[in-house]
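Below: one structure, written as structure tokens.
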Amino acid sequence: GAEWRLLKDMGVRDSALTARLDKAELQRQRVDAQVAQAAAGIAAREAEADAWMSKQRELEAALSEAVAGHPQEAADALGRIFRRRIKRRRPGDEDDESSDSDDGFDVSQLAEMDADEDEDEEAEDVCPPGVPQALYDRVLELRGQRLDQEDALAETTKGLSELRQRLKQLRASETTMRKDVDAINREMAAFHAEKQARLNVIPVAVPLRIQQLVVGAGTAARLPDPEGPASAAGADAPVGAGGADAGAASADGASPAAPAPADGDEADADTPEDKAADEKAFAAAAAEEEAELALPAGRLPSSLGRATLLSHTVLSSQRVSLEAQLERAVALTERLAAIASERAVQDKKRRAAERTIAGVEAKAEALMQLKFGRPVDLERLDAMGSGAELAKARAHVAEAEASAADDATAADARLSASREDLVEATREGTRLLERLSELAAERQRLERALKAGGTAGLTARDDEAKEAAAAAERARLESLVGAQAAQIAEIRAEIGILSRKDGSVYGPLMAALEKSSGPTGASAAAAAGAAASGRL
């Protein structure tokens, strides 16, 4: 019939929509899998990049440890050698020298090269003066490891960038796929709604016998004209499933249908008069229906327009559902009674607790009146006391930390300046000692020349002038050496004071200074000056 033809016509469209939905879902699942794979690859590449960065920091630490204890000039030169970028031949470049392809060349490294790096590449690696060959070889080894790690890090970074770009594209595709799936789902929902609406307008004839109709109390009834089966298909009768001995029309427990508005009026009235008219018409229809249903046993009403066609199965399920609802209502009523009883108990406990709290507060107020002469807000007092003390303690700690940091910075600066002064004074003392030694050697040479009889051309006045000049020079040098010794002693005293502030920080530095000063220190300078003065 019409229903079969409608289902057949719409089945083609339904199949097409289902195929489109399946295809879109499959594509979306593939994109989701690719997104998950790309995200996992990005996480792995990021972990790999972090590992290479950690290894580079380890190389920097190894370089600092290797050049520790050497002069600053040598350390700077070794650092430049370590950071120098050089061109290295990669595996397979020998076979590609004659080709025009640049497959073995890393384009990303070109962006990082500048003019200074090109100069570094052309510079020749030589061991800096004063640097042991073993240390120089160690720095070259560390540089080779750094270049290997930089190449690996560049490859990892390039792969990470490609994966991120791929993930971005997959995210866009995923969004598009989800929109397509949602659009197909909405189209299918609209199609099924249209399909159901078109099915609902098809009239269905349900053949019934008079003996199958039950109205009201469930008594079998018969119509005045017992000719053949009655057709329940009408404009006002709802459609239901039916068959031989399978259906029944029942008004038991059914809500009365509202009457159709007369003269084309809408159901929703806009004025109070319309609402009153609708209520009056509804009440009249309900009274008429009740009058029709109040029939003697074995009689049917004149019209089944307000009846609902139900099968025995649906009617039985409705009765079971009604019984279940009644049982649930009883259970809810009992639960409500239990809750009300529990609430009464809790209210009683609450009132008892409030009375106890009121008594305790009254006792506390009486005690405060006796002790302080007035009530005291304990909560406010507690909040003010704890907050003020805590803020004061925090401010004190912050001030102490700032002061300690300033003192440490100033001490470090003074210690660095004192160390530089000590080194400069040691150099000056060494230079003066060398000059004093030269003068002493010159004096001895002159004395030997005089003893050998080489004074024929010298006069007594010249001898006195030379002796006076030598004595003045010696006195000047002795005074200068003494002043340098006193300055060195003052610097050592200041360093000792600074080192005693925190032995764990400045103690090793003081020992290193004493060790580095060696025989050219202030004490050695003073001793050498005294010895030279004795010889003179």
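Tell me, please, whether a residue that is in a helix (DSSP H, G or I), in contact with a Phe, Trp or Tyr (Cβ under 9 Å, 6 or more places away or on another chain) and modelled with pLDDT of 80 or more can be found in the stretch 496-512. Checked the stretch 496-512: no residue is in a helix (DSSP H, G or I), in contact with a Phe, Trp or Tyr (Cβ under 9 Å, 6 or more places away or on another chain) and modelled with pLDDT of 80 or more. Are any of the residues in the stretch 419-442 assigned to a helix (DSSP H, G or I), over 44 Å from the mean Cα position of the chain (by Cα) and over 30 Å from Ile491 (Cα atoms)? Yes, the conditions are met somewhere in the stretch 419-442. Quick check on Gln37: is it closer than 30 Å to Ile184 by Cα, of a type outside the set (Ser, Thr, Tyr), in the same structural domain as Leu142 (by TED's automatic domain parsing) and without any contact (Cβ under 8 Å) to a residue 12 or more places away in the chain? In short, yes.
Quick grid of which residues meet (1) assigned to a helix (DSSP H, G or I); (2) loosely packed, with under 13 Cβ neighbours inside 10 Å; (3) without any contact (Cβ under 8 Å) to a residue 40 or more places away in the chain; (4) at positive phi:
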{"position": "Met10", "(1), (2), (3), (4)": "yes, no, no, no"}
{"position": "Leu26", "(1), (2), (3), (4)": "yes, yes, yes, no"}
{"position": "Ala44", "(1), (2), (3), (4)": "yes, no, yes, no"}
{"position": "Ala51", "(1), (2), (3), (4)": "yes, no, yes, no"}
{"position": "Glu60", "(1), (2), (3), (4)": "yes, no, yes, no"}
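For the stretch 198-214, a residue qualifies if it is part of a helix (DSSP H, G or I) and either surrounded by 10 or more Cβ atoms within 10 Å (Cβ to Cβ) or modelled with pLDDT of 85 or more (or both), and the qualifying residues are Arg198, Leu199, Ile210, Gln211, Gln212. For the stretch 62-82, the set of residues classified as within 17 Å of Val126 (Cα to Cα) and either of a type in the set (Val, Ile, Thr) or without any contact (Cβ under 8 Å) to a residue 60 or more places away in the chain (or both) consists of Val67, Glu73, Ala74, Ala75, Asp76, Ala77, Gly79, Arg80, Ile81, listed by residue number. Cβ-Cβ contacts under 6 Å between residues 6 or more apart (or on different chains), taken from a first residue in the stretch 361-377 that is assigned to a helix (DSSP H, G or I) to a second residue that is surrounded by 11 or more Cβ atoms within 10 Å (Cβ to Cβ), are listed as Glu365/Pro375; Met368/Pro375; Met368/Val376.
Looking across the stretch 293-346, the residues that are loosely packed, with under 11 Cβ neighbours inside 10 Å, modelled with pLDDT under 85 and aliphatic (A, V, I, L, M) come down to Ala294, Ala297.
The values are calculated or read from the model by the stated rules, or taken from the named source; none is laboratory data. Keep in mind the model is a prediction, meaning the values are calculated, not measured. No Cβ is skipped: glycine too gets one built from the backbone with ideal geometry, and neighbour counts run over all protein chains shown.
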